[in-house]
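Heads up, the thing below is written out as structure tokens.
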Amino acid sequence: AGTGVTHVTAFNPTGLGREVWQDLLQDGRLDSPPGKSRPTEEGEVTAAAVCASCRVPAHGHKTLELALVWDMPCVHFGSKEKLHLRRYTRFFGSEGDAAPALSHYALTHYKEWERKIEAWQNPILQNRQLPSWYKSALFNELYFMTDGGTIWMEVPPECSAEDLQGPAGAGLSHLLPVLREYGRFAYLEGQEYRMYNTYDVHFYASFALIMLWPKLQISLQYDIAVTVVNEDVQPRQYLMCGQTAQMKMKNVVPHDIGDPGDEPWQRVNAYLMHNTADWKDLNLKFVLQVYRDYYLTRDSLYLQDMWPVCQAVMESELKFDTDNDGLIENGGFADQTYDAWVVHGASAYCGGLWLAAVCMMCKMAEVLGDTEIHQKYLDILNKGKEAFERMLWNGKYYNYDSSGSDTSSSIMSDQCAGQWFLGACGLDHEVFPKSHVLSALKTIFEKNVLSFAGGTMGAVNGMRPNGVPDTSSVQSNEVWVGVVYSLAATMIQEGMVEEGFRTAEGCYRTVWERLGMAFQTPEAYREKKVYRSLAYMRPLSIWSMQLALERQTGQAPAPTQLPQGPTHP
């Protein structure tokens, strides 16, 4: 009440704005022409203005509220094969006329939104034991959840289970109800690396989803599971090896769910560098996320649906254990998320992920009462643990790989990635000896953190034992921000809280303060002059630090029974 609203429907934003200012000067109001503005020509830009006015009593104050909304309900990807509707259309329709309703909804609900945001953030913001930079990093890195080319789509009501499952997905009994209820979610690997839900990287970022929007993580996992059990036999040539192979093999986790310039979900694996069917980490990262998601949500319907898919991808992975010692071997090329850093034989990174996944297969088999599979993977775990320690442990840390090459003894900052996921699931020392994990983390802190850039830039990916960065590849002497946050979380899990904060702080100070890259955190930077891939998915892994802190302080309650998602047909 008592607020007057006037407007200019359209004016030229490339000019001086005189038509707005002159109008305002006359009476403090805009002319409010009736009707619509004319449609813009191709390439023409336009602007609009809204003016609100009220009387302010002497020594008093008034508040004017303005809402800015976009109504762009329909999405076509580059191929223009399918029409997609955004998630909000289930509430506001898809005709493109919802801006007034959206604006009204915002103006009548924003105070409630602010209250809820404060209730969520205040326990962390008011915790004096947490450093200010960490509070900033934790909440502000979430920019990528909406600014990462993010799409959240409705599944059309006429869509059937068969449409979504493909020829081989009939076992995913809750796929349709989950996707119908929660929609399909996708975000880019990065604003420069334009592939949706890049899975080797989402492995790190997924902590933000499972801790804050768990049903979106569950939905994303169902989409990945569908692609696992189906195949695409179209030929694809790969750049690094020159080989031609089918686009997507059955029972193998895809690299991504597609290119926004093509048709995501319909055609997966937009990545052209390597044939990722031969990568060693993707299948394992699916299994690790399935158990982690179950551990944090206790969604048993999800676990039941994912169990056959986990068995299929692990069976597929077993072929990489070429000598039957319970440990997979890398193939002598860059066959994992470090896609320019070559690995030969057994490796700390992939071997550690493998053993963690084998351990989680045992746990899932236990929960589901599958004694045969439990015994199978328990035998593999016992053999594999012995091989891992024998081939990679050097008394202080795990070697990069077992090849005996000049750089196989490099100290990899990400060598405890398997332990990171085990710790997040309460399986703290079921695979790797505690003394070895602590020794490795202390070595990484001493060498990769403190001996690099004076301890002020996080952890370099690879460090030689003599304290010089490993320059054998373009990625070994980079700092990967998302990897540093996950390393810090692992340190916190193991009681090295101070070291964890010191490690992560280097990345925050470098990116958000010194380099001026706030809200566009890059995947990587080097000590001097070089950064790579601005606005990247992986740094969302900082939420694993928060999970580790909550477990350390006992704030994280034991996982409780959450609603298990829709069970309607």
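The table that follows gives values for the structure above.
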item	result
Given (1) at pLDDT 95 or above; (2) at positive phi, number of the condition Lys529 does not satisfy	(1)
Flag if Gly467 is outside any strand (DSSP E or B), free of Cβ contacts under 8 Å to residues at least 60 places away in the same chain, within 22 Å of Asp401 (Cα to Cα) and small (Gly, Ala, Ser)	yes
Unmet criterion (only one of (1) open to solvent by less than 20 Å² (accessible area, probe 1.4 Å); (2) assigned to a loop (DSSP other than H, G, I, E, B)) for Asp325	(1)
The range 458-490: number of residues that are open to solvent by 10 Å² or more (accessible area, probe 1.4 Å), more than 16 Å from Thr337 (Cβ to Cβ) and hydrophobic (A, V, I, L, M, F, W, C)	1
From Val342, Val367, residue being in contact (Cβ under 8 Å) with a residue 24 or more places away in the chain, of a type in the set (A, V, I, L, M, F, W, C) and closer than 28 Å to Trp307 by Cβ	Val367
Count - residues of the range 241-280 that are touching a Leu at 6+ places or on another chain (Cβ under 9 Å), over 27 Å from Gly351 (Cβ atoms) and buried (at least 22 other Cβ atoms within 10 Å of the Cβ)	1
Scan of the range 59-82 for residues that are open to solvent by less than 90 Å² (accessible area, probe 1.4 Å) and free of Cβ contacts under 8 Å to residues at least 40 places away in the same chain, ordered by number	Gly60, Val69, Asp71, Pro73, Cys74
Flag for Ala208 being closer than 24 Å to Asp259 by Cα, open to solvent by less than 10 Å² (accessible area, probe 1.4 Å), touching a residue at least 60 places away in the same chain (Cβ under 8 Å) and within 12 Å of the chain's Cα centre (by Cα)	yes
Matching residues in the range 105-135 - criterion: being of a type in the set (A, V, I, L, M, F, W, C) and closer than 16 Å to Met545 by Cβ	Ile124, Leu125, Leu130, Trp133
Selection within the range 87-96 - among the basic types (Lys, Arg) and either open to solvent by less than 70 Å² (accessible area, probe 1.4 Å) or modelled with pLDDT under 95 (or both)	Arg87
Whichever residue in the range 412-454 is among the small types (Gly, Ala, Ser) and closer than 22 Å to Leu327 by Cβ and, among such residues, is surrounded by the most Cβ atoms within 10 Å (Cβ to Cβ)	Gly418
So Asp147, is it at pLDDT 95 or above, open to solvent by 20 Å² or more (accessible area, probe 1.4 Å), of a type outside the set (Phe, Trp, Tyr) and closer than 23 Å to Phe91 by Cβ	yes
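Okay, residues lined up against (1) at pLDDT 95 or above; (2) open to solvent by 20 Å² or more (accessible area, probe 1.4 Å); (3) of a type in the set (Gly, Ala, Ser):
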{"residue": "Met496", "(1), (2), (3)": "yes, no, no"}
{"residue": "Glu499", "(1), (2), (3)": "yes, yes, no"}
{"residue": "Cys507", "(1), (2), (3)": "yes, no, no"}
{"residue": "Glu513", "(1), (2), (3)": "yes, yes, no"}
{"residue": "Ser533", "(1), (2), (3)": "yes, no, yes"}
{"residue": "Pro559", "(1), (2), (3)": "no, yes, no"}
{"residue": "Pro566", "(1), (2), (3)": "no, no, no"}
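The values are calculated or read from the model by the stated rules, or taken from the named source; none is laboratory data. Since this is a predicted model, take the numbers as computed values, not measurements. Every residue, glycine among them, receives a Cβ derived from its backbone with ideal geometry; neighbour counts consider all protein chains shown. With ligands, DNA and RNA removed, areas are computed over all heavy atoms of the protein, side chains included. Shrake-Rupley method; radii C 1.70, N 1.55, O 1.52, S 1.80 Å.
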